[in-house]
Amino acid sequence: MRKPLTRALIKILATGFYRQHTGFLLALLVLVFSSFFYTNVLNQTHLTPDQQRQTALKLALSSVSEPWGILLLFSLFWLYTVKSRHYLAARLQAADLQFLRYSSNALSRGQQLQSWSLVQLVISAPLLIVGLYAMAVGVAYGYWLVPILLPVYLLTLTYWCAAYYTRLLNEQLLIPPVQTDWLARLRSWPKPLFSLFFYELLAHQRVPFALTKVVSLLSLGLLFYVFADSHTDQRLLNLLSLTSALAQVVVLYQAHAFEQSYVRFARNFPYSAWHQFGQQVVLYSILLLPELVVLLAISPFPQGLRAMGVLLSVTLFFRTLFYPLNQRMTPYLRLVFGLFMSFLLLNLFGSTNLLIGGSGVATGVLFYRYREQE
Amino acid sequence: MLHLQQFQKFYQRQLVLHVEEFTLPAGVYWLRGSNGSGKSTLLKALAGMISYEGNIVLEGRWNLRQHGVAYRSAVNFAEAEPLFPAFLTGRELIGLFTAAKKAPPQQEAFYVESMQLSAYVHEPIHTYSSGMLKKLALVLAFLGQPRCILLDEPLTTLEAESLPILYAWITQHHQQHGTLFLLSSHQAFEGGLLPPVQEILVAQQTLRYSA
């Protein structure tokens, strides 16, 4: 950690990775890891304390004792590593990191490998925590395979990534733009100003965008399935909308970052605040089209329409919160989760109009007041 | 004419620029100042791109705060280090600016041709070198019917052969339309190729004409 290269790489790349993926990591923590660490089951008074502990640790125990559980755990580690490897490889192509191509490679290969391994380990911190927990559970219950294999597996993955980054920089390798032919086909499509972020998603942010859609649509399906008796209840539809709006957080962050850097020139365009706001509404109507269609399809028309209003207005509200906060993700997430909980409460009392109107007005005020803030 | 009244710009509650009263009649101005003195900040504020306190009025008619649309129609800007979406082609970007600035049809043809951009204007931005990108940004700054053009470091990364072309555009625009030019640069502008250039110094968080 005392090495300047390691310090710089962690500061630039690991921090950047966590900042960009905070939404997903939090969602992962809430949806997957929290259950993995401890599954709280109600009505377990008939169980002995030992049985209760075993029930609570069922997921973690399965991951060290059952073949499918082990496979799932190792697959999760693999997917996370591949995702972080893609992120870092792409970042190394960026203009602001070109200095690494004529500075870091002056160090010996061993030193570079060491630095990159540490960076990869820092990025894999969530995996280390989950891994250590699984190993502890394995040792405690006498399942030795995972505690022995997992460190070797993690170290192999880390070395695999570190060697790749070192090779990219030492052999001056450039990753060719992906699917240029596919993108070339989009060249004939019209690209009005509001649509630029949509094309950016298609060109450079396909994975986060696809994952957002999967998470969003899965949560819609799951909630709809769980509350099978309340399909016409406006509050359930609003709950679906709110969950879906929350799932968009990563894409909203990408939208703000893209606007601040690559569409900065448009601030000099002679468009009124209303015109710019209208462009945002059109953009998010397109981005949320799958969710909006699902909401309308699964509910009676008037309720579906109101749920669509909730989804669009709350998403736009979450988007405009970035203007006063800029790209400070931690306060942003705190605020968004706080608002989400408040909106859930409001929804319980059936305040659909307040949700739509309040979010709409707040969006307008924030947009008008802070859109020129740097 | 560009007029600043009680202009102030803060970054994180720290005063960066304070201009009580300052008037720039139509002309060509060279904005000088050390790194970090606030030249780019001033130009961005004048372009209507960042928030500020006070008033910026163009030709006594268009206050940026009250007539933002009309003001931005008349004021164009080229950044020192332009950044555009990598997947757009130069032609698509010109299309966006033409529509926004209500440029006459085919207006860009002259600029694209004279700056020798024709060969790669159909290519995506990610294939451009920094010099090519700079030339494109300069072309975009001349589209429409600007009354004022702000160029931040226009000479940086521009090849020597392109400098007389840029100077000719400035001279022609100024002479034909009375356009006000505000250029920031660390290099001196070559005498003879441009109309008389007045120097403005950005120092000690304010502006003043150089003696």
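The values are calculated or read from the model by the stated rules, or taken from the named source; none is laboratory data. Keep in mind that what you see is a predicted model, and the values were worked out from it rather than measured. Heads up, the Cβs are rebuilt from the backbone with ideal geometry, glycines too, and the neighbour counts pull from every protein chain shown. Side chains are part of the model used for accessible areas, which takes the heavy atoms of the whole protein and leaves out ligands, DNA and RNA. Shrake-Rupley method; radii C 1.70, N 1.55, O 1.52, S 1.80 Å.
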Query raised in the report: Let a ≥ b ≥ c be the square roots of the eigenvalues of the Cα gyration tensor of region A:147-289; is it rounded (a/c under 1.5), or, if not, prolate (a/b larger than b/c) or oblate?
Result: oblate
Report task. Using a 10 Å cut-off on Cβ atoms, rank the peptides A:140-147, B:84-91 from the highest mean neighbour count down. Result -> B:84-91, A:140-147
**Report entry** Rg(Cα)/(2.2 N^0.38 Å) for the protein assembly as shown, N = residue count
**Finding:** 1.13
Query - Burial of 20 Å² or greater, region A:251-269 residues [accessible area, probe 1.4 Å, versus chain by itself] - result: A:261, A:262, A:264, A:265, A:267, A:268, A:269
Query raised in the report: Considering protein heavy atoms only and a 1.4 Å probe radius, which residues within region A:184-203 exhibit an accessible-area decrease of no less than 50 Å² in the full assembly relative to the chain by itself?
Result: A:187, A:191
**Report entry** Tensor-based shape of region B:158-204 (alpha-carbon gyration tensor, a/c under 1.5 rounded, otherwise prolate or oblate)
**Finding:** oblate
Report task. May I ask for the accessible area buried between chains B and A, both sides summed, probe 1.4 Å, to the nearest 100 Å²? Result -> 2500 Å²
Report task. Relative to the compact-globule scaling 2.2 N^0.38 Å, provide the ratio for the alpha-carbon radius of gyration of region B:104-211. Result -> 1.14
Report summary line: Taking Lys and Arg as +1 and Asp and Glu as -1, residues besides residue A:244 with C-beta under 13 Å from its C-beta add up to 0
Query - Prolate/oblate/rounded call for region B:23-64, Cα gyration tensor, a/c under 1.5 rounded - result: oblate
Query raised in the report: Can you list, bin by bin at 10 Å, the percent of alpha carbon pairs in region B:36-132, starting at 0?
Result: 13, 37, 33, 16, 1
Query raised in the report: Of the heavy-atom accessible surface of the protein assembly as shown (probe 1.4 angstrom), what whole percent is carbon and sulfur?
Result: 63 percent
Query raised in the report: Ranked highest first by the average count of other Cβ atoms within 10 Å around their residues, in what order do A:83-94, B:145-156, A:339-350 fall?
Result: B:145-156, A:83-94, A:339-350
Requested in this report: Would you mind giving the three semi-axes, in whole Å and largest first, of the ellipsoid equivalent to region A:255-347 according to its Cα gyration tensor?
Outcome: 26, 19, 11
Query - Heavy-atom SASA rank of A:236, A:155 (probe 1.4 Å, accessible area, largest first) - result: A:155, A:236
Query raised in the report: Per residue, how much accessible area does chain A show when a 1.4 Å probe rolls over the protein heavy atoms, in square angstrom?
Result: 50 Å²
Query raised in the report: In the Gaussian network model of chain A, springs joining C-alpha atoms below 10 Å, which of A:100, A:196, A:61 carries the largest mean-square fluctuation?
Result: A:100
Report summary line: With the full set of protein chains present, the residues of region B:95-125 whose 1.4 Å probe accessible area falls by 30 Å² or more relative to the chain alone are B:96, B:97, B:100, B:101
Report task. Return one number: the angle in degrees, 0 to 90 and rounded to the nearest 10, between the long axis of the Cα atoms of helix B:130-141 and the longest principal axis of the Cα atoms of chain B. Result -> 70 degrees
Query - Per residue, in Å², the accessible surface of chain B once ligands and nucleic acids are set aside, probe 1.4 Å - result: 43 Å²
Requested in this report: Express as a percent, rounded to the nearest 5, the fraction of DSSP beta bridges in chain B (both residues included) that run antiparallel.
Outcome: 55 percent
Query raised in the report: Once you charge only the Cβ atoms, +1 for Lys and Arg and -1 for Asp and Glu, what is the size of the charge dipole of chain A about its Cα centre, to the nearest 20 debye?
Result: 980 debye
